[in-house]
Ligand SMILES: [Zn+2]
């Protein structure tokens, strides 16, 4: 009898602990989803009327940034979910449409950042050289989540003959009249990951990340081919930016989380 009561007490304590842990886990998941789903400090981006950003539908709020320059219109990343309508909306904010887009700069070619490629198939797609076979579907990512995603549902890739690609083999500057967009190789999250600096904003792709519980940090291992390489790439990138004496006021992740750049943020996104 005593033993039975003791066992019952032990069991109910265990059940309570499981319920508490499960409540905490659910809370953490909700916080993580909220953190992933909301934008952060998008007002820090280059201002309208010559630049605009939007997030596309879907659980990960992938960002599309569009800019009008003296030498035409370009976009950085192409969203996911309702990507084509998101692209049209953000272009309308700079008084442009898809036909005006000259360049589509990709931070990388994970499925959640290339959704609207068919809408700008006439443009020149710019990406790191090692990203090209992944964008075309000729080579697969090795990161855990991208592999699972691909196993569940194939990504719609372009064929090489239907688009024009400018493959970056190193840091590159693109001059658009009075504007310059600089591209920097930051391999790791994916082999051809690239960060872009435009009007003092560093578009870091998924080489930087934001979580509701963790704040800003570097690439996450679950989504990355080589997370250590990504962190090293971000450290090397900041060293190059310092050497160039480049002005970098804001950093934005590819999931629309932005922050002013200071030494604390630099330390966070390089580890
Ligand atoms: Zn990614």
Could you please find all residues in region 145-168 being part of a helix (DSSP H, G or I), surrounded by 14 or more Cβ atoms within 10 Å (Cβ to Cβ) and free of Cβ contacts under 8 Å to residues at least 60 places away in the same chain? 149, 150, 160
Out of curiosity, is residue 145 modelled with pLDDT under 95, away from the ligand (no atom under 16 Å from the Cβ) and more than 28 Å from residue 89 (Cα to Cα)? no
State whether one or more residues within region 252-259 are assigned to a helix (DSSP H, G or I), over 14 Å from residue 107 (Cβ atoms), touching a strand residue (DSSP E or B) at 6+ places or on another chain (Cβ under 7 Å) and at pLDDT 95 or above. no
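Let's see how each residue does on (1) under 27 Å from residue 212 (Cβ atoms); (2) outside the structural domain of residue 115 (by TED's automatic domain parsing); (3) within 14 Å of the chain's Cα centre (by Cα); (4) not in a loop (DSSP other than H, G, I, E, B):
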| position | (1), (2), (3), (4) |
| --- | --- |
| 52 | yes, no, no, yes |
| 65 | yes, no, yes, yes |
| 79 | yes, no, yes, no |
| 90 | yes, no, no, yes |
| 94 | no, no, no, no |
Could you tell me whether any residue of region 104-111 is at pLDDT 95 or above, farther than 16 Å from residue 254 by Cα, in contact with a strand residue (DSSP E or B) (Cβ under 6 Å, 6 or more places away or on another chain) and surrounded by 22 or more Cβ atoms within 10 Å (Cβ to Cβ)? no
Looking at region 220-243, can you tell me whether even one residue there is out of contact with any helix residue (DSSP H, G or I) (no Cβ under 7 Å at 6 or more places or on another chain), assigned by TED's automatic domain parsing to the domain that holds residue 43, more than 16 Å from the ligand (Cβ to nearest atom) and not in a helix (DSSP H, G or I)? no
What do you reckon, is residue 149 closer than 17 Å to residue 79 by Cα and out of contact with any strand residue (DSSP E or B) (no Cβ under 7 Å at 6 or more places or on another chain)? yes
Hits in region 196-212 - residues which are in contact with a helix residue (DSSP H, G or I) (Cβ under 6 Å, 6 or more places away or on another chain) and either buried (at least 23 other Cβ atoms within 10 Å of the Cβ) or more than 26 Å from residue 142 (Cβ to Cβ) (or both): 207, 208, 212
Scan region 170-219 for residues that are within 16 Å of the ligand (Cβ to nearest atom) and without any contact (Cβ under 8 Å) to a residue 40 or more places away in the chain and jot them down. 219
Subset of region 87-112, residues under 17 Å from residue 46 (Cβ atoms) and either touching a residue at least 60 places away in the same chain (Cβ under 8 Å) or within 16 Å of the ligand (Cβ to nearest atom) (or both), comes to 103, 105, 107
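The values are calculated or read from the model by the stated rules, or taken from the named source; none is laboratory data. As the structure is a computational prediction, the values presented were derived from the model and not from experiment. Cβ coordinates were reconstructed from backbone atoms using ideal geometry, including for glycine residues, and neighbour counts include every protein chain displayed.
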